Amino acid sequence: MGKITGFMEYERLQEAAEAPQKRLKHWREFVLHLSDDQAKQQAARCMDCGIPFCNNGCPVNNIIPDWNDLVFKQDWRRALDVLHSTNNFPEFTGRICPAPCEAACTLNINSDAVGIKSIEHAIIDKGWSEGWVVPQLPARKTGKKVAVVGSGPAGLACAQQLARAGHAVTLFEKSDRIGGLLRYGIPDFKLEKSQIDRRISQMEAEGVEFAPSTYIGRPTDDAADGLTVRTPESLKAEFDAIVMTGGSETPRDLPVPGRELDGVAFAMDFLRPQNKAVAGDRLKDQLSARGKHVVVIGGGDTGSDCVGTSNRHGAASVTQFELMPQPPESENKPMVWPYWPLKMRTSSSHDEGCERDWSITTKALVGTDGKVQKLIGARVEWVKDDATGQMKMHEVEGSEFEIKADLVLLAMGFVSPTATVLDAFGVDRDARGNVRANTDDYRTSVDKIFAAGDMRRGQSLVVWAIREGRQCARSVDEFLMGASELPR
């Protein structure tokens, strides 16, 4: 490595961020990438550890020690090449990935992990600013046509790889803009949409055709209203292969009394319109948290995004409940390393203002005149069942409480892809309602139809979606050409 003793000499440095009270006044990104000198010093902390577990901790298997060494040497152009060799969109992962690579860092055993994500962020931002990120045109065209359905990170990665292999790729998206949940799920303060737009420009130059506002399914489906409709049969007739890369979009509901009240909404029905508003769309009756007492049910990333959005709206208060117990402040590293640890995580949105509580169940939502006014909850404890060995939830006697709630946002995850789309294609599903396809070839039960990303594996991370999109592209290329030179 560039500096063998760097991990003993330098401390981990967090990326600088705008102060909470300032960033709450806008929707822009507020985290700054490291300077060249800072990145060099942080890269020097990468150890000559022999077995770099970070490579396997990263779902796309980023070659992390190599680009750390190149950053230390200030060879940014080669560092960008190494980074792009495994990851089509490091500007996405460098901003919104939770960095399982850092959990697997050897230095993390008894110290602070190398700031891998911050170095990745610096590399790709340097690449864009220097004009090094350019279209990669195929050496030849194959004459084969591929349809990719769904323009989230899995679809984008799959389409870009297939275009670079020389295939004619059309990427279909039901929303009016390309990007899937990157576009309409993740708030702009975490990922500005210009990051997506310049990748779209690159991919258009590489030959990818984009077809937004297009629904793939049956004209009778409710989701098809007002959109251009393409049936699976028409795609099969036109294209040599079809890849299903839609998201896991069916949200987990909360079946309690009062669920039907106004002011109780799924998280995406709150987040999506805000992203459209930031993009300049004029919206009628946009759900707003302004002046309201907001309760977010669900302690994951989507819940955190609801917290940050509510604070920017000007909420009177924001409270976030989680059903599971409060995790420990730090993990038992000898027990869990190099795997992803269960520990307390505080996001930038929590720092902006939020009350949090764990082991809370919602018993009812109460309101008047059809509008929610309060939440009735209770504390629970988790006890192992002697017969099954599973943890079971029990309400703590006498723990019932109520909290003022003008807006209740359900952010409890997603259970499956949209059933009508899967029905239209006639593909087999697994026990969780996802498309049944393995990671060897990503083929579905229907000839020449493939599936990757959340639609195949269930709700997951952006970095997993990119991995599956890349791997699926190689399988499609092999299916069409008999062999493939695309990386897996």
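Worth a mention:
Residue-by-condition table, conditions (1) among the hydroxyl-bearing types (Ser, Thr, Tyr); (2) within 13 Å of the chain's Cα centre (by Cα); (3) surrounded by fewer than 23 Cβ atoms within 10 Å (Cβ to Cβ):
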| position | (1), (2), (3) |
| --- | --- |
| 173 | no, no, no |
| 181 | no, yes, no |
| 185 | no, yes, yes |
| 198 | no, no, yes |
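Here's the yes/no breakdown for (1) under 20 Å from the mean Cα position of the chain (by Cα); (2) surrounded by 22 or more Cβ atoms within 10 Å (Cβ to Cβ); (3) assigned to a loop (DSSP other than H, G, I, E, B); (4) not hydrophobic (A, V, I, L, M, F, W, C):
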residue	(1), (2), (3), (4)
88	yes, yes, yes, yes
92	yes, yes, no, no
98	yes, no, yes, yes
121	yes, yes, no, yes
143	no, no, yes, yes
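- Condition broken by residue 418, with the remaining ones in (1) open to solvent by less than 60 Å² (accessible area, probe 1.4 Å); (2) without any contact (Cβ under 8 Å) to a residue 12 or more places away in the chain; (3) not hydrophobic (A, V, I, L, M, F, W, C) satisfied: (2)
- Check on residue 191, under 23 Å from the mean Cα position of the chain (by Cα), modelled with pLDDT of 95 or more, among the aliphatic types (A, V, I, L, M) and assigned to a helix (DSSP H, G or I): no
- Listed here are the helices (runs of 4 or more DSSP H) enclosed by region 15-57 that have at least 2 residues being modelled with pLDDT of 95 or more, under 25 Å from the mean Cα position of the chain (by Cα) and buried (at least 19 other Cβ atoms within 10 Å of the Cβ): 53-57.
- In region 124-143, the residues that are farther than 12 Å from residue 162 by Cα form Cβ pairs under 7 Å with partners that are at pLDDT below 95, at six or more places apart or across chains, as follows: 125/33.
- Looking across 220, 214, 245, 228, one residue alone is polar (S, T, N, Q) and either buried (at least 23 other Cβ atoms within 10 Å of the Cβ) or closer than 23 Å to residue 477 by Cα (or both). It is 245.
- Flag for residue 252 being within 30 Å of residue 371 (Cβ to Cβ) and out of contact with any Asp or Glu (no Cβ under 9 Å at 6 or more places or on another chain): yes
- Strands (runs of 3 or more DSSP E) contained entirely in region 361-412, each with at least 1 residues that are of a type in the set (A, V, I, L, M) and open to solvent by 60 Å² or more (accessible area, probe 1.4 Å): 371-384, 391-395
- The requirement of being surrounded by 14 or more Cβ atoms within 10 Å (Cβ to Cβ), in a strand (DSSP E or B) and among the hydrophobic types (A, V, I, L, M, F, W, C) is satisfied by residue 296.
- Candidates 355, 329 - the one that is open to solvent by 40 Å² or more (accessible area, probe 1.4 Å) and modelled with pLDDT of 95 or more: 355
- Checked against (1) hydrophobic (A, V, I, L, M, F, W, C); (2) assigned to a helix (DSSP H, G or I); (3) closer than 22 Å to residue 85 by Cβ; (4) open to solvent by 20 Å² or more (accessible area, probe 1.4 Å), residue 479 meets all criteria but (3).
The values are calculated or read from the model by the stated rules, or taken from the named source; none is laboratory data. Quick caveat: nothing in here was measured; it's all calculated off a predicted structure. Backbone-built Cβ (ideal geometry, glycine too); neighbour counts: all protein chains shown. What goes into the accessible areas is simple: the full protein's heavy atoms, side chains included, and nothing from ligands, DNA or RNA. Shrake-Rupley method; radii C 1.70, N 1.55, O 1.52, S 1.80 Å.
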